[in-house]
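Everything below concerns the one structure shown next.
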Amino acid sequence: MEIRKIEDRGGEAILTKYYDGIHFTPKTPGNVKDHLEAIKNLKYKKGDVLIDTFPKTGTHWTFDIVKMLKNEQAEYSSGIIMLLDFAPSTEFDALDSPRVLMSHFYPQHIPKFVVDEKCKIVYVYRNPKDTAVSMFSFLKQLNIKGMKGYKGTWEHFFELFTTKSVHYNSWLEHMQSWLDFKKKNPDLPILMISFEDMKKDLRSCVQKIAEHLGTKQDPDFLDEVTNKCQFSAMSKAKSTNEIETAMSADGSNPFYRKGDVGDWKNWLTVAQNEMYDALMEESMADIDIEVKYTL
């Protein structure tokens, strides 16, 4: 493992812990290697579910939906939501079933039992333009040890996002790794669902996730989960989470911003948009998944 600085054109940097070809965040414990091994060897508990995402694509939002469905109670989670990436393995060992595990890991770093026990997996993806905007805003807002707010401009950050690496490398690399993993493991129950579909018709997505998990599908209950988990309702409820709001420079919850689809139109210049479209047209040629930039 080595500490790296990914510098933008203006000289501002994003700090990472680089290991096994991946730029992990500075919040990954220790030398990364030992942490990954501990997570890899986590013990299975009946009913375990894994949510995986590239950062800023609906991670926390999806967690509450899945948690409600697994617990059969439409109640928001409280406190800090732990990711496999950042918390010691002992904290996950201490969790009662049903556990909803969550990470930004590439497939090679998820717990071994996920494959061995054929655990249900939910992979959420979001169009990369809105992901870039959300990540930029998140990194600017953060005020925690090791991640004291990115000082660069949007123009310089977008160049990093599209041509170099950010945390967990690139949106495309992460997406491709999970599509390849799904193809190589056709017997694994993996549901791939888009942020945009969740925004457009959350009720249908909640139904789809419940069917995938094999949880309670009473229409009234699914309606209640849907109403509680509309992005605007959840964002308002989470605005008073003192643990999460303490992580931002302005006291807001950095994990819930606008959640809009198509907000990238307010950020990308015509030149940036044309450049990225050309890049994606070439890179996505062999990727069999629909990416939606508007509703």
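The values are calculated or read from the model by the stated rules, or taken from the named source; none is laboratory data. This one's a predicted model, so the numbers in the text were calculated from it and none came from an experiment. When we count neighbours, we look across all protein chains shown, and the Cβ atoms used for this are built from the backbone with ideal geometry, even at glycine. With ligands, DNA and RNA removed, areas are computed over all heavy atoms of the protein, side chains included. Shrake-Rupley method; radii C 1.70, N 1.55, O 1.52, S 1.80 Å.
Determine whether segment 164-186 contains at least one residue that is of a type in the set (A, V, I, L, M), open to solvent by 10 Å² or more (accessible area, probe 1.4 Å) and in contact with a helix residue (DSSP H, G or I) (Cβ under 6 Å, 6 or more places away or on another chain). Within segment 164-186 (the criterion being of a type in the set (A, V, I, L, M), open to solvent by 10 Å² or more (accessible area, probe 1.4 Å) and in contact with a helix residue (DSSP H, G or I) (Cβ under 6 Å, 6 or more places away or on another chain)), the answer is yes, since at least one residue qualifies. Cβ-Cβ distances below 6 Å connect the following pairs, each with a first residue in segment 108-130 that is aromatic (Phe, Trp, Tyr), a second residue that is open to solvent by 50 Å² or more (accessible area, probe 1.4 Å), and a separation of six or more residues or different chains: 113/44. If a residue has to be of a type outside the set (A, V, I, L, M, F, W, C), farther than 26 Å from residue 196 by Cβ and at pLDDT 95 or above to count, how many in segment 114-155 make the cut? The qualifying residues number 4.
Applying the criterion of being small (Gly, Ala, Ser) and out of contact with any His (no Cβ under 7 Å at 6 or more places or on another chain) to the residues of segment 1-52, the residue that is modelled with the lowest pLDDT is 13.
Reported count of residues in segment 100-146, each being open to solvent by less than 20 Å² (accessible area, probe 1.4 Å), aromatic (Phe, Trp, Tyr) and part of a helix (DSSP H, G or I), is 2. If you go through segment 259-286 and keep only what is surrounded by 14 or more Cβ atoms within 10 Å (Cβ to Cβ), charged (D, E, K, R) and not in a helix (DSSP H, G or I), you end up with just 260. Taking the criterion of being part of a helix (DSSP H, G or I) and charged (D, E, K, R), the residues of segment 201-235 that qualify are 203, 208, 211, 220, 223, 224, 228. Considering segment 43-73 alone, what residues qualify as being open to solvent by less than 10 Å² (accessible area, probe 1.4 Å) and over 16 Å from the mean Cα position of the chain (by Cα)? Listed by number, the residues that qualify are 48, 68, 69. Tell me which residues, restricted to segment 65-99, are within 23 Å of residue 171 (Cβ to Cβ) and part of a helix (DSSP H, G or I). Answer for segment 65-99, where residues must be within 23 Å of residue 171 (Cβ to Cβ) and part of a helix (DSSP H, G or I): 65, 66. Taken over segment 3-42, residues that are part of a helix (DSSP H, G or I), open to solvent by 20 Å² or more (accessible area, probe 1.4 Å) and among the aliphatic types (A, V, I, L, M) amount to 1.
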